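A short write-up of the structure that comes next.
The values are calculated or read from the model by the stated rules, or taken from the named source; none is laboratory data. From a predicted model like this one, the values you see are computed outputs, not experimental measurements. Using ideal geometry, Cβ is built from the backbone for each residue, glycine included, and neighbour counts are taken over all protein chains shown. Protein only, heavy atoms only, side chains kept; ligands, DNA and RNA dropped before computing areas. Shrake-Rupley method; radii C 1.70, N 1.55, O 1.52, S 1.80 Å.
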Amino acid sequence: MRKKIVAGNWKMNKTPKEALELVELLKEKVDTDTVDVVFCVPAIDIIPVAEALKGTKIALGAQNMHFEESGAYTGEISAAMLKECGVQYVVLGHSERREYFGETDETVNKKVKKALEHGLTPIMCCGETLQQREEGVTMEHIRTQIKRGLLGVAADDVAKMVIAYEPIWAIGTGKTATDEQAEEVCAAIRQVVGEVFGAETAEQVRIQYGGSVNGKNAASLFAKADIDGGLVGGASLKTEFEQIVKFG
Ligand code: PGA
């Protein structure tokens, strides 16, 4: 039985001071054993939030990292730096990073490998545009993203990972995929993982849905067989996050 995982993706919101306020507001409400809860915070908030989460079961996540070990990469942050600061999860290949910062399946793949090497759990994102959905190429696109993102990763490592299915047209738009649309793609992701890495790995890998998840739609989404929780943007910055975690 896979444990559900609900991760808040704070994106570029909250200064360190504001981050601490939000942690104080949420931490008792979402501190639970039944669901894995993760706060994926801006890099500059990692150190203070790590301190504030001590003694809770809430895990800390980052939103990006570089794929090289260290070196002349101005402005970048390495897996080792995240690890040393108490980060356990890292969001990789979010559609906003692919769209605005030139991330590709190849860079995502390098980052996935580097994160795993350092004992971080990648939350690897995939998702189709509205145009791709309308053209009927969603499955093909998702299968390619998954295969390329996980190229050369050991099955044991894939089993420990989290994959987030986030249809781009549903992110930040208030337009959620229906339970059936979300389940259909999450099941297809599990299937492609099974084809490449075997049935046992497919059974273990956790697959989240993301895209306008809120306190109202989380229950039925998370009840679907292949949806193991959510990656939550906007609603993770509010007390509504408590509702979402309850349905995990
Ligand atoms: P949203 O963002 O919940 O605000 O749609 C989800 C995400 O991008 O991870």
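Taking interchain pairs and intrachain pairs at least six residues apart, which have beta carbon atoms under 7 angstrom, with the first residue in region 164-176 and closer than 13 Å to residue 235 by Cβ and the second part of a helix (DSSP H, G or I) and open to solvent by 10 Å² or more (accessible area, probe 1.4 Å)?
Close Cβ pairs satisfying both conditions: 171/95; 172/234.
Any idea how many residues of region 1-42 are hydrophobic (A, V, I, L, M, F, W, C), in a loop (DSSP other than H, G, I, E, B) and surrounded by fewer than 18 Cβ atoms within 10 Å (Cβ to Cβ)?
2
Considering region 152-178 alone, what residues qualify as being away from the ligand (no atom under 16 Å from the Cβ), surrounded by 15 or more Cβ atoms within 10 Å (Cβ to Cβ) and not charged (D, E, K, R)?
Of everything in region 152-178, those that are away from the ligand (no atom under 16 Å from the Cβ), surrounded by 15 or more Cβ atoms within 10 Å (Cβ to Cβ) and not charged (D, E, K, R) turn out to be 153, 155, 158, 159, 161.
So which residues in region 182-226 are part of a loop (DSSP other than H, G, I, E, B) and under 20 Å from residue 129 (Cα atoms)?
Selection gives 211, 212, 213.
Report yes if some residue within region 16-23 is within 16 Å of the ligand (Cβ to nearest atom) and within 19 Å of the chain's Cα centre (by Cα); otherwise report no.
Scanning region 16-23, I find no residue that is within 16 Å of the ligand (Cβ to nearest atom) and within 19 Å of the chain's Cα centre (by Cα), so the answer is no.
Across region 111-151, which residue is nearest to residue 173 (Cα to Cα) among those that are outside any helix (DSSP H, G or I), open to solvent by 10 Å² or more (accessible area, probe 1.4 Å) and out of contact with any Leu (no Cβ under 9 Å at 6 or more places or on another chain)?
129
Hey, does region 71-90 have a residue that's hydrophobic (A, V, I, L, M, F, W, C) and either assigned to a strand (DSSP E or B) or within 16 Å of the ligand (Cβ to nearest atom) (or both)?
yes
Restricting the search to region 43-55, which residues are open to solvent by 50 Å² or more (accessible area, probe 1.4 Å) and either within 16 Å of the ligand (Cβ to nearest atom) or outside any loop (DSSP other than H, G, I, E, B) (or both)?
43, 44, 47, 51
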